[in-house]
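The values are calculated or read from the model by the stated rules, or taken from the named source; none is laboratory data. Quantities reported herein were computed from a predicted structural model and do not represent experimental measurements. We place every Cβ from the backbone using ideal geometry, glycine too, and count neighbours over all the protein chains shown.
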Amino acid sequence: MNHFQYKNNELYAEDVSLKDIVAQVGSPVYVYSHATLSRHFKAFDEAFSALPHTICYSMKANSTQSVLKTFFNLGSGVDIVSGGELCRALKAGVDPQKVVYSGVGKMDHEIEYALTTGILMFNVESEQELTRISEIASRMGKKAGIAIRVNPDVDPGTHPYITTGLKNAKFGITIDRALEEYTRAMTLPGIDVIGIDMHIGSQLTKVNPFVDSIDKLKVMIAKLRTQGINLNYFDCGGGLGIQYNAEEPPLPADYGKEIVGATRDLGMHLLFEPGRNLVGNAGILVAKTLFTKARDEKNFIMIDAGMNDLARPALYDSYHGVQAVNKDQDGMIVADIVGPICESGDFLVKGREVPMFKQGDLVAFMSAGAYGFAMSSSYNSRPRVAEVMVKGDKFEVIRERETVEDLVKGEKIASFL
Ligand SMILES: *Cc1c(COP(=O)(O)O)cnc(C)c1O
């Protein structure tokens, strides 16, 4: 069920008109559908109902408190990559025992903070990190639950910037080194070895790379068992793709069937770190047309949102569907939809057939719920935009639009000036 639908040629989020939202909140604005968030979570969760499992939503995809709370209400935990994310998740009410902590550059104060709050486990990404965690935990009189993030050297067939499981990636410990590290981890005083972890990339549209990686890790698990190292948690990471345009990613149910088939005999508790899959198609960015201009063969549509608001097209050349909020344009036109930022990379759409937007028309960029607001910045001193959540026929602002005052917060003019 798509919750972004037209009624009388006007685009709605659930039962709320986007035009009404912009009239009250202004533009640009991110709009999320609560029903879509819930449905995506439940579909993913149900795909693994056959086995003990916990979904640790990868909050870097969208860390807005109301989005987190929506998932926590449904039983989710989180995959975090910083102390800041842990703080956010705790504020939104996460159960610390459902928190896993990934990332190649964990800082001492972040490790301490995570140990203080009692997270489930650290996904360790290097030999030195393992040593450091043990030192800090020992000093605090604690034992840190850990999994080693094993890099299975499997090509997920996705964009190079979001490929993480190849041998030369910065992530994880290579599979040939991992066995040794597990043996060492068992001897470290501050470490409780409880799991194994992988995360091979993002926006995967095939199940095979997941299953191939799991099979490689299973060989390791078997070896560990012969050494008396028994792990309880198998963290399968995130990465399941979504449809932006013509992709045909597997449904969570199909992905689930394959993963359950591959892991069932292990008797382990499964963890998952989906990000994009839960939030990507649950959010859109609505912007307003400022001006249009035609130059020789090229048409430009200038809007009030830019690469600072939605970075994915500039960063990965990625595709976001475009829809008119009010369908009253005189046909279609091939155009670039560009933002106000002083960079040639500041485009949301390049050379695509889109409605012939005119001044004042609202434009909806679809599938913007993941890595949308979360990656936004205030580059060009543009305050970050507002966020709204819709539920049925109601909506609320879940993040106020920043002000210019917010932008200079913390700055001071040096006394010698
Ligand atoms: C980014 C990330 C995820 C989530 O990836 P998606 O493609 O959004 O599902 C999960 N785990 C780790 C370690 C990540 O870095």
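If you go through region 13-25 and keep only what is in contact with a Leu (Cβ under 9 Å, 6 or more places away or on another chain), surrounded by fewer than 24 Cβ atoms within 10 Å (Cβ to Cβ), part of a helix (DSSP H, G or I) and not basic (Lys, Arg), you end up with just 22.
Exactly one residue out of 232, 168 is touching a His at 6+ places or on another chain (Cβ under 7 Å) and either β-branched (Val, Ile, Thr) or away from the ligand (no atom under 16 Å from the Cβ) (or both), and it is 232.
Select from region 357-375 the residues that are surrounded by 16 or more Cβ atoms within 10 Å (Cβ to Cβ) and more than 16 Å from the ligand (Cβ to nearest atom) and list them in ascending order. 357, 361, 362, 363, 364, 365, 366 - these are the residues of region 357-375 that are surrounded by 16 or more Cβ atoms within 10 Å (Cβ to Cβ) and more than 16 Å from the ligand (Cβ to nearest atom). Answer with yes or no whether residue 270 is out of contact with any Lys or Arg (no Cβ under 6 Å at 6 or more places or on another chain), part of a strand (DSSP E or B) and either touching a residue at least 60 places away in the same chain (Cβ under 8 Å) or buried (at least 20 other Cβ atoms within 10 Å of the Cβ) (or both). Yes, satisfied.
Under the condition of being small (Gly, Ala, Ser) and crowded, with 24+ Cβ neighbours inside 10 Å, the residues counted in region 138-155 number 2. Screening residue 2 with (1) outside any loop (DSSP other than H, G, I, E, B); (2) among the polar types (S, T, N, Q); (3) at pLDDT below 95 gives one miss only, at (1). For region 54-62, the criterion of being among the hydrophobic types (A, V, I, L, M, F, W, C) and without any contact (Cβ under 8 Å) to a residue 40 or more places away in the chain is met by none of the residues.
Within 16 Å of the ligand (Cβ to nearest atom) and within 30 Å of residue 34 (Cα to Cα): is that true of residue 271 in this structure? In short, yes. Among the candidates 101, 57, single out the residue that is in contact with a Ser or Thr (Cβ under 7 Å, 6 or more places away or on another chain) and aromatic (Phe, Trp, Tyr). Every option except 57 fails the conditions.
Residues are listed down the side, and each one gets a yes or a no for (1) part of a helix (DSSP H, G or I); (2) assigned by TED's automatic domain parsing to the domain that holds residue 51:
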| site | (1), (2) |
| --- | --- |
| 213 | yes, yes |
| 293 | no, no |
| 314 | yes, no |
| 318 | no, no |
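Among the conditions (1) within 20 Å of the chain's Cα centre (by Cα); (2) part of a loop (DSSP other than H, G, I, E, B); (3) not acidic (Asp, Glu), the only one that residue 168 does not satisfy is (1). Screening residue 106 with (1) within 14 Å of the ligand (Cβ to nearest atom); (2) closer than 24 Å to residue 203 by Cα gives one miss only, at (2).
From the list 229, 242, the one residue that fits, being buried (at least 19 other Cβ atoms within 10 Å of the Cβ) and touching a helix residue (DSSP H, G or I) at 6+ places or on another chain (Cβ under 9 Å), is 242. Taken as a whole, region 64-79 holds no residue that is within 28 Å of residue 166 (Cα to Cα) and surrounded by fewer than 21 Cβ atoms within 10 Å (Cβ to Cβ). For region 248-266, the count of residues that are assigned by TED's automatic domain parsing to the domain that holds residue 366, over 18 Å from the mean Cα position of the chain (by Cα) and either in a loop (DSSP other than H, G, I, E, B) or closer than 17 Å to residue 199 by Cβ (or both) is zero. Taking the criterion of being surrounded by fewer than 16 Cβ atoms within 10 Å (Cβ to Cβ) and among the aliphatic types (A, V, I, L, M), the only residue of region 170-216 that qualifies is 186. If you go through region 320-332 and pick out every residue that is hydrophobic (A, V, I, L, M, F, W, C) and in a loop (DSSP other than H, G, I, E, B), you end up with 1. Filtered by the rule that a residue be surrounded by 18 or more Cβ atoms within 10 Å (Cβ to Cβ) and without any contact (Cβ under 8 Å) to a residue 40 or more places away in the chain, region 309-325 gives 313, 314. One residue is enough: does region 140-158 have a residue meeting the conditions within 21 Å of residue 219 (Cα to Cα) and away from the ligand (no atom under 16 Å from the Cβ)? Checked region 140-158: at least one residue is within 21 Å of residue 219 (Cα to Cα) and away from the ligand (no atom under 16 Å from the Cβ).
Contact map, region 102-126: first residue over 13 Å from residue 145 (Cβ atoms) and of a type in the set (A, V, I, L, M), second residue within 16 Å of the ligand (Cβ to nearest atom) and assigned to a loop (DSSP other than H, G, I, E, B), Cβ cut-off under 7 Å, separation 6 or more or different chains; pairs are 104/125; 104/126; 104/170; 104/171. Screening 260, 286 for residues that are under 30 Å from residue 359 (Cβ atoms) and touching a residue at least 60 places away in the same chain (Cβ under 8 Å) leaves exactly one candidate, 286.
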